[in-house]
Amino acid sequence: MGSMGKALPATVDEIRRAQRAEGPAAVLAIGTANPPTIMPQDDYPDYYFRVTNSEHLTDLKAKLSRICNHNKSGIRQRYLHLNEELLAANPGFIDPKRPSLDERVEMASAAVPELAAKAATKAIAEWGRPATDITHLIFSTYSGARAPSGDRRLASLLGLRPTVSRTILNLHGCYGGGRSLQLAKEIAENNRGARVLVACSELTLIAFYGPEGGCVDNIIGQTLFGDGAGAVVVGADPDAAVERPLFEMAFATQTTIPESEDAISMQYSKCGMEYHLSSKVPRLIGCNVERSLVDTFRTLGVTAAWNDLFWAVHPGGRAILDNIEEVLGLEDDKLAASRHVLSEFGNMSGTTVIFVLDELRRRRAAAAKQGGETPEWGVLMAFGPGITIETIVLHTPSNPELEGN
């Protein structure tokens, strides 16, 4: 046995302290991307029933038309990867009882990381450092059903270094973006010099079906969900010469609403992914959101007036935003960024909250240019299966440069 050499001069505590960052994790850059096909919300019922050969279901079409109406849904348009050409080439996607999982996974395995790469490329360009400086990758999607997963493909597309530490989050649904950001915070603050790329990418092709004989929840879901990808670079102790912190992450927590396990669910079958959305979800979130916030700020030892904060809330649907606004007594403009993202993109599951952060920083930059004041502290919230609530307390550094690309 060879000599082990001299004993390490440091203690375990000293080694640990040397590995940790000095300051809080911060959002250093944001990028977003969508497929090219834009679907106006009011046109969707005609499109959906035509491409699925279901125009004979007149009563169901009338119901979907009422739900889709942009004044009711709060959605003006959505972006979709699955277009008429792809549906023509994959007719099995239309029948909810026809086995098509293999074809869906094959398509998603290529398209999901490719869309994520478009968003991540924008974020890395804004960040201003080479992609090889990324030390960790967190990739969240509900469309992953293969190994190696989309994170491996994304790392290759971006040219990340072989030693990048990858983590895949699968089927977290609408709270995936919040969960990813909290994990990125933990990694960045506990690994000095770490730069974490968070990427979320969701394509509804994994759960697209025609209406005949299908699950009512899934049919209604066709009116809500859109496709998109978002990416965020997270790091602590930013290099002032290159990096600009947009939002510091002061504290993060997760909680689960009791007796809500069955309110939101997703499950793969041989025909694709089926999901269940209870009509009680907006009320369940509304009844529990303030308690979650009070507990979060109590842990920090501070109190907050809700209207003194800025808000980055996942727009799961118009009813969810309406309930939160009412329960918290928020002023009309407090959820404006969330309502705008819902209007222009629909609900893109875990990706959506990254779009909200991006919209929020644009609005703050515009207000600053006009000499307006914006809150220094804010909250990011995301909701998903469980029902799980992700909460992150955000802080804006002094005189941040919030302009995006």
Please work out which one of (1) of a type in the set (G, A, S); (2) at pLDDT below 95; (3) over 30 Å from Q41 (Cβ atoms) is the condition A131 fails and give its number. (2)
Determine if the stretch 213-221 includes at least one residue that is assigned by the TED database to the domain that holds E106, open to solvent by 40 Å² or more (accessible area, probe 1.4 Å) and in a loop (DSSP other than H, G, I, E, B). yes
Out of curiosity, is N53 modelled with pLDDT under 95, within 19 Å of G272 (Cβ to Cβ), surrounded by fewer than 19 Cβ atoms within 10 Å (Cβ to Cβ) and touching a Ser or Thr at 6+ places or on another chain (Cβ under 9 Å)? no
Give me the residue from the stretch 341-376 that is touching a strand residue (DSSP E or B) at 6+ places or on another chain (Cβ under 7 Å) and not in a helix (DSSP H, G or I) and, out of that set, most open to solvent (accessible area, probe 1.4 Å). E376
Show me the strands (runs of 3 or more DSSP E) found entirely inside the stretch 222-331 where at least 1 residues are in contact with an Asp or Glu (Cβ under 8 Å, 6 or more places away or on another chain). 228-236, 247-256, 264-269, 272-277
Answer with yes or no whether P245 is in contact (Cβ under 8 Å) with a residue 60 or more places away in the chain and not aliphatic (A, V, I, L, M). yes
For G173, state whether it is at pLDDT 95 or above and not aliphatic (A, V, I, L, M). no
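Return yes when L80 is at pLDDT 95 or above, under 27 Å from M107 (Cβ atoms) and open to solvent by less than 20 Å² (accessible area, probe 1.4 Å) and no when it is not.
It is true that L80 is at pLDDT 95 or above, under 27 Å from M107 (Cβ atoms) and open to solvent by less than 20 Å² (accessible area, probe 1.4 Å).
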Count, please, the residues in the stretch 188-205 that happen to be in contact with a Phe, Trp or Tyr (Cβ under 8 Å, 6 or more places away or on another chain), farther than 15 Å from A231 by Cβ and aliphatic (A, V, I, L, M). 1
Please go through the stretch 74-125 and pick out each residue that is in contact with a Lys or Arg (Cβ under 6 Å, 6 or more places away or on another chain) and under 18 Å from G346 (Cβ atoms). G74
Residue within the stretch 116-132 that is within 13 Å of L203 (Cβ to Cβ) and free of Cβ contacts under 8 Å to residues at least 24 places away in the same chain present: no
Within the stretch 178-211, restricting to residues that are open to solvent by 10 Å² or more (accessible area, probe 1.4 Å) and within 13 Å of the chain's Cα centre (by Cα), the one that is nearest to A236 (Cα to Cα) is Q182
Consider the stretch 307-334. How many of its residues are within 25 Å of L246 (Cβ to Cβ), surrounded by fewer than 17 Cβ atoms within 10 Å (Cβ to Cβ) and under 23 Å from the mean Cα position of the chain (by Cα)? 1
Among the residues of the stretch 170-187, is there at least one that is more than 18 Å from A29 (Cα to Cα), free of Cβ contacts under 8 Å to residues at least 40 places away in the same chain and in contact with a Phe, Trp or Tyr (Cβ under 9 Å, 6 or more places away or on another chain)? yes
State yes or no: is L171 open to solvent by 40 Å² or more (accessible area, probe 1.4 Å) and at positive phi? yes
Could you tell me which residue of the stretch 222-268 is least open to solvent (accessible area, probe 1.4 Å), considering only residues that are closer than 20 Å to E359 by Cα and aromatic (F, W, Y)? F247
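The values are calculated or read from the model by the stated rules, or taken from the named source; none is laboratory data. Fair warning: this is a prediction, and the values are worked out from it, not measured in the lab. Using ideal geometry, Cβ is built from the backbone for each residue, glycine included, and neighbour counts are taken over all protein chains shown. Areas reflect the complete protein model, heavy atoms only, side chains present, ligands, DNA and RNA absent. Shrake-Rupley method; radii C 1.70, N 1.55, O 1.52, S 1.80 Å.
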